[in-house]
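Notes for the one structure printed next.
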Amino acid sequence: MSAPAIHRPLRIGPYESATPVVLAPMAGITNAGFRRLCREQGAGFYVCEMITSRGLVEKNPLTFRMIAMDPDEHPRSMQLYGVDPTTIGLAVRTVVEQDLADHVDLNFGCPVPKVTRRGGGAALPYKRRLFEAIVRAAVDNAGDVPVTVKMRIGIDDERHTFLDAARRAADAGVAAVALHARTAAQRYSGTADWSAIARLRDALPAELPVLGNGDIFSAADALAMVAATGCDGVVVGRGCLGRPWLFGDLEAAFAGRELPQPPSLGQVTATMRRHAELLIEYMGDHKGIRDMRKHIAWYLKGFPIGGDLRRSLGMVESLDQLDELLSGLDPDEPFPADAEGPRGRQGSPGKVVLPEHWLDDPDDPTVPAGAELEHSGG
């Protein structure tokens, strides 16, 4: 498979990538080890897990462990969550003054109840004046650090907010806007509505990058999204779970080169081994190998591996044990067709949990009581 190259690189502030791809921040996934693994596979921007602005301002130890960046990670991209403009402003100022990141992304897309019930994440753009105040506080305190926003279509099918929110963000001076083309009520279920990305691209100035997110599980999906919507780049989340080589596929596809052959089981297990090494380097022996457990089923999806071995791998206790278990697999086993397509959490659509009276007045700029999450982490 080959495609004509996209000649315009993705630019976020002063930073540029010839491959217009961004790794979506995912709680419990996009730590320093996983970001490094993905960077080794292909070019793009790689964003850390969501960091709470309160945790950053209050110097929470867990938060500061989560913002660890590799010395060769460039640009260093951090996603911030917040519901209070003052706290967001202080958090961004902290990032700038302590040189913690080169790029700040604001989270307005998380549909998780513990976030939306406080008015955060995907719930927040409904409160348009509060949303605008948060974005302006971030941009005003960022100096030369570019600020971007990531959002969803809206709370549900009756409350679409993305066009108004994106225009406000553009007026505030953000460097890019990303849209996950689902509502918060959809969570990760159903099909992303790529036509919303096209409408967003049409609604914003041509010089402001618009990034599309939702249902990119292959290089072909990414090219199809760009062709269908005119977006300037893609954001990849669940599609790279157990498939970090997707970034190599995307790099080749956007450059117009033939895609690499899908990996054999031996190549997959070598990548798993590298992933485990990096997690251990980042987290330590005990936490690192335990964190690796959740990735194993994603890596081995579709391969003909017995249930007993899968269970043993899911309970692995050490790198040596992982090596022993993987050594029993056939390295020449080809990549299965069953491994293609959606992966990761999907869940079911449902009512979005919101603060009491949240929907009464979209122009109310009041910060909900107890809105700020105390510390970062899933």
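The values are calculated or read from the model by the stated rules, or taken from the named source; none is laboratory data. Please read these numbers as outputs of a predicted model, since none were measured by experiment. As a convention, Cβ positions derive from the backbone with ideal geometry for all residues, glycine included, and neighbour counts pool all protein chains shown. Each accessible area value is taken on the protein alone, full model and side chains, heavy atoms only, with ligands, DNA and RNA left out. Shrake-Rupley method; radii C 1.70, N 1.55, O 1.52, S 1.80 Å.
Would you kindly calculate the translational diffusion coefficient of segment 38-94, applying Stokes-Einstein with the Kirkwood radius from alpha carbon pairs, for 4 °C and a viscosity of 1.567 mPa s, and quote it in µm² s⁻¹ without decimals?
Reported coefficient: 106 µm²/s.
Give the cross-link partners of K287 among the lysines, using a straight C-alpha distance below 24 Å as the criterion and excluding same-chain residues fewer than 8 apart.
Cross-link targets: K59, K301.
Explain nothing, just compute: Karplus ³J(HN,Hα) = 6.51 cos²θ - 1.76 cosθ + 1.60, θ = phi - 60°, for every residue of segment 116-133 in order, whole Hz, x for Gly and Pro.
Rounded to whole hertz, the list is 5, 5, 9, x, x, x, 5, 6, 5, x, 4, 8, 4, 6, 5, 4, 4, 5.
Under 17 Å Cα-Cα from K114, which aspartates and glutamates qualify once same-chain neighbours fewer than 8 residues away are excluded?
K114 reaches E49, D84, E356, E372, E374.
Mind checking the angle between helix 162-172 and the chain's longest principal axis? C-alpha axes, 0 to 90 degrees, to the nearest 10.
Long axis of 162-172 versus the principal axis of the chain: about 70 degrees.
Solvent-accessible area per residue for the chain at a 1.4 Å probe radius, Å²?
Per residue, the chain has 40 Å² of solvent-accessible surface.
From the residues N107, A43, V96, which one has its Cα farthest along the dipole of segment 1-117 in the positive direction, the dipole being from +1 and -1 charges on Cβ of Lys/Arg and Asp/Glu about the Cα centre?
So the residue furthest toward the plus end is N107.
Relative to the longest principal axis of the C-alpha atoms of the chain, give the angle of the C-alpha long axis of helix 32-41, reported between 0 and 90° and rounded to the nearest 10°.
Between helix and principal axis, roughly 70 degrees.
Considering the options V316, S264, Y126, tell which one lies farthest towards the positive end of the dipole of the chain, charges being +1 on Lys and Arg and -1 on Asp and Glu at the Cβ, about the Cα centre.
The Cα lying farthest towards the positive end belongs to Y126.
Explain nothing, just compute: Karplus ³J(HN,Hα) = 6.51 cos²θ - 1.76 cosθ + 1.60, θ = phi - 60°, for every residue of segment 74-87 in order, whole Hz, x for Gly and Pro.
For segment 74-87, the Karplus-derived couplings read 7, x, 7, 10, 10, 9, 10, 10, x, 10, 10, x, 5, 5 Hz, x marking Gly and Pro.
Return P(r) of segment 7-124 (all Cα-Cα pairs; 10 Å bins starting at 0; whole %; ordered from short to long distances).
In whole percents, the pair-distance histogram is 13, 44, 34, 8, 0.
Does anyone have the angle between helix 285-299 and the longest principal axis of the chain? Alpha-carbon axes, 0 to 90°, nearest 10?
Rounded to the nearest ten degrees, it is 80.
Run the helix sum for the chain: -39,500 (n - 2.57) per DSSP H stretch of 4+ residues, divided by residue count, reported at 222 nm to the nearest 500 deg cm²/dmol.
Calculated from helices alone, the mean residue ellipticity at 222 nm is -11500 deg cm²/dmol.
What number, in percent, do you get for the relative contact order of the chain if the mean sequence gap of Cα pairs under 8 Å and at least 6 apart is divided by its residue count?
Working: 795 pairs, mean separation 84.5, N = 378.
Computed value for the chain: 22 percent relative contact order.
How large is the charge dipole for segment 210-319, taken about the Cα centre, if only the Cβ atoms of Lys, Arg (+1) and Asp, Glu (-1) carry charge, to the nearest 20 debye?
Using only the charged Cβ atoms, the result is roughly 400 debye.
Let me spell out the model: positive unit charges on the Cβ of Lys and Arg, negative unit charges on the Cβ of Asp and Glu, origin at the Cα centre of the chain. What dipole size does that give, in debye rounded to 20? Could the numbers behind the result be given before it?
Numbers: 41 positive and 50 negative charges, 130 e Å.
Rounded to the nearest 20 debye, it is 620 debye.
Using Cα-Cα distances under 8 Å and only pairs 6 or more residues apart, what relative contact order does segment 200-262 have, in percent?
31 percent
If you average the C-alpha positions of segment 229-260 and of segment 56-86 separately, how far apart do those two centres end up, in angstrom?
Taking the Cα centre of segment 56-86 as reference, the centre of segment 229-260 is 26 Å away.
In the chain, what % of DSSP beta bridges are antiparallel (nearest 5)? Numbers along the way, then the final one.
On the way: 5 of 35 bridges.
For the chain, the DSSP antiparallel bridge percentage is about 15.
If N is the number of residues in segment 85-169, what value comes out of its Cα radius of gyration divided by 2.2 N^0.38 Å?
1.09
Using θ = phi - 60° and the Karplus relation 6.51 cos²θ - 1.76 cosθ + 1.60, list the HN-Hα couplings for segment 142-156 in order, rounded to whole Hz, with x at every Gly or Pro.
Once θ is set to phi - 60°, the couplings for segment 142-156 become 8, x, 8, 7, x, 10, 10, 10, 10, 9, 10, 4, x, 6, 7 Hz.
Under 5 Å between amide H atoms, partner at least 5 residues away or on a different chain: which partners does A176 have, H built in plane at 1.01 Å?
V149
Rounded to the nearest percent, how much of the accessible area of the chain (1.4 Å probe, protein heavy atoms only) is carbon and sulfur? Don't skip to the end; give the middle numbers.
Values: 7660 of 15310 Å².
C and S atoms contribute 50 percent here.
Once amide H atoms are placed 1.01 Å from N in the peptide plane, what residues at a sequence separation of 5 or more from I51, or on another chain, have their amide H within under 5 Å of its amide H?
Q79, L80, Y81
Under 5 Å between amide H atoms, partner at least 5 residues away or on a different chain: which partners does V234 have, H built in plane at 1.01 Å?
Under 5 Å from the amide H of V234: V21, V22, G212.
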